[in-house]
1. Exactly one condition in (1) crowded, with 20+ Cβ neighbours inside 10 Å; (2) over 30 Å from residue 384 (Cβ atoms); (3) modelled with pLDDT under 95 is false for residue 367; which is it?
2. Pick from 29, 102, 107: which is buried (at least 16 other Cβ atoms within 10 Å of the Cβ), modelled with pLDDT of 95 or more and not basic (Lys, Arg)?
3. From the list 450, 394, which residue is modelled with pLDDT of 95 or more, under 28 Å from residue 215 (Cβ atoms) and among the hydrophobic types (A, V, I, L, M, F, W, C)?
4. Being in contact with a Leu (Cβ under 7 Å, 6 or more places away or on another chain) and either among the polar types (S, T, N, Q) or without any contact (Cβ under 8 Å) to a residue 24 or more places away in the chain (or both), is that true of even one residue in segment 409-426?
5. Checking the structure you have, find out if any residue of segment 232-252 is crowded, with 21+ Cβ neighbours inside 10 Å and not in a helix (DSSP H, G or I).
6. Exactly one condition in (1) more than 21 Å from residue 294 (Cβ to Cβ); (2) buried (at least 19 other Cβ atoms within 10 Å of the Cβ); (3) within 20 Å of the chain's Cα centre (by Cα) is false for residue 165; which is it?
7. Residues in segment 76-98: is at least one under 25 Å from residue 230 (Cα atoms) and either in contact with a Pro (Cβ under 7 Å, 6 or more places away or on another chain) or assigned to a loop (DSSP other than H, G, I, E, B) (or both)?
8. Only residues in segment 339-352 that are acidic (Asp, Glu) count as the first member; pair them with residues that are assigned to a helix (DSSP H, G or I), Cβ under 7 angstrom, at least 6 apart or cross-chain, and list the lot.
Amino acid sequence: MSHASSLLLALLVYLAWSWWSKNTSNRRLPPGPRPIPFLGNVHQLPSEFQHKTFSEWGKQYGDLVFAQLFQSKAIIVNSLRVAQDLLERRSAVASDRPPMSLLNDVLGWDSDFGFMRYGERWRMHRKWTHLAFETQAALQSYAPIQYRERAKLLSALLKHPKDYREHIERFAAALIMEVAYGYTLVSDDDEFFRRTRHAIQLTVDVGSAAASLIDFFPILKHVPAWLPGAGFMRDALAARKAVREHIDIPYDAVKNDVISGQAKSSFVSALIAQHLKDDTLTPNIEEDIKGGASGLYIAAAETTATVLTTFILAMVLHPKVYKKAQDEIDRVVGNSRLPDLGDRDSLPYIECVIKELFRWNSPTPLGLPHALTENQEYNGYSLPGGATIFTNIWQMTQDAEFYPEPEKFRPERFQEMDIDTAKRTDPRRYIFGFGRRICPGRHFADTNVWFGIASIVATLDICKARDINGNEITPRIFFPRGMVSAPEPFICEIRPRQGRPAEALILQALSSTDA
């Protein structure tokens, strides 16, 4: 190496180290893994299952961990107590989102309420969703939709049990599509349903290591798709087109119906009608309504489908739990009708099963990141403003202090707790987010999950499939990377429940709801 080259290399190393020192000195940051210049801790972070790496860091450094990801500062929270301290008790300065340039600027999810930066626009969306999902009147108005779609789900599972995953996804999508757009899904192959699934899948697929660099270096979003090595941008543009179709097409259909006077009651139709009446339906407002509706789908449908699919897996693996749930349904509901919402308080074991499902496989292991808007002092540590906060929800659900033997699926753990402890450790208190960013559709999603589980338990038997030699096939417990933590595809057997008039009950439910 020449003398000039050596000097240049030394200068670059010095500048990198100076940059690092400037960004980390003069404050007592929480402990964390040792960084290297420029990269920080990026080289120590895998491309998937980051929550497990964060958990390992937590064992070494504690509930609050600091990491440097290129120029971005990250605070990892591994305990419920710290998450509540920072994100709920200090929500005024911890309710922002990081820029998320890939999702918002490149893929076009910027009008989605969940990904939006904290501010006036976010508050407007929060008001809309509160009226739609956090009033008792609104939630009660959705009951007829839930009863109808419950009947469709059971009928589909009865006729085509091998396609249980598609039926569950359609059930979850149908509920929110009706509420958001007043649109009734007619089949698993519905055009709107397929379009939305396509947009979500392309969004997940784009999340490669190269594309993720856009979040750390936003200038990369301007890289031309034709440039050699920029294949991630070509994929991103294809995903953006699918996202726009998912956002625009159902909205435009509802708007046309509102103008012609044929619109059904829905989240979108109500907002369009109100803004038309007030002469305030500007392009910006229209974009907000579109994003608000599409965000409802992402939040509610994905969570519901994930939990119900996890339920099928857990029951295949734990037949004694399923039998115990069936016995409770028999005692409380009998065999002449399906469970309804009035039965919920009388079915405590079903409730424990639902809690354990959310705990055993949290739909969103890391939730969505928060961002600090100001410097904060916490427990002797200085937390820098602008830092991204990752809440390791997965670690919270696996905390052996509250959930002994957390790897085991055991609903009885909640029955063994006293009332206060069971309430405090109910995973539904935190898996939907924290503080001002808590998911407003959580009650709707939870009710949808209850409807699905109680109804399946009442009418169907679930067990392991068998191979051609009659041997049981035990599914693998694996939750691959995706928008949410859903189980990998697995086979099982679903059939009408023995000893109950399952088919008659399902037919009766179909006829009574005009499904």
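The values are calculated or read from the model by the stated rules, or taken from the named source; none is laboratory data. These figures come from a predicted structure and were not determined experimentally. Neighbour counts run over all protein chains shown; Cβ positions are idealised from the backbone, glycine included.
1. For residue 367, the exception is condition (2).
2. On inspection, the qualifying residue turns out to be 29.
3. 394
4. no
5. The answer is no, given that none of the residues of segment 232-252 is crowded, with 21+ Cβ neighbours inside 10 Å and not in a helix (DSSP H, G or I).
6. If we test residue 165 against (1) more than 21 Å from residue 294 (Cβ to Cβ); (2) buried (at least 19 other Cβ atoms within 10 Å of the Cβ); (3) within 20 Å of the chain's Cα centre (by Cα), just (2) comes out false.
7. First pass over segment 76-98, keeping only residues under 25 Å from residue 230 (Cα atoms): 98.
Then keep just the ones that are either in contact with a Pro (Cβ under 7 Å, 6 or more places away or on another chain) or assigned to a loop (DSSP other than H, G, I, E, B) (or both); that gives 98.
Checking segment 76-98: at least one residue is under 25 Å from residue 230 (Cα atoms) and either in contact with a Pro (Cβ under 7 Å, 6 or more places away or on another chain) or assigned to a loop (DSSP other than H, G, I, E, B) (or both).
8. Between residues of segment 339-352 that are acidic (Asp, Glu) and residues that are assigned to a helix (DSSP H, G or I), the close pairs are 343/332.
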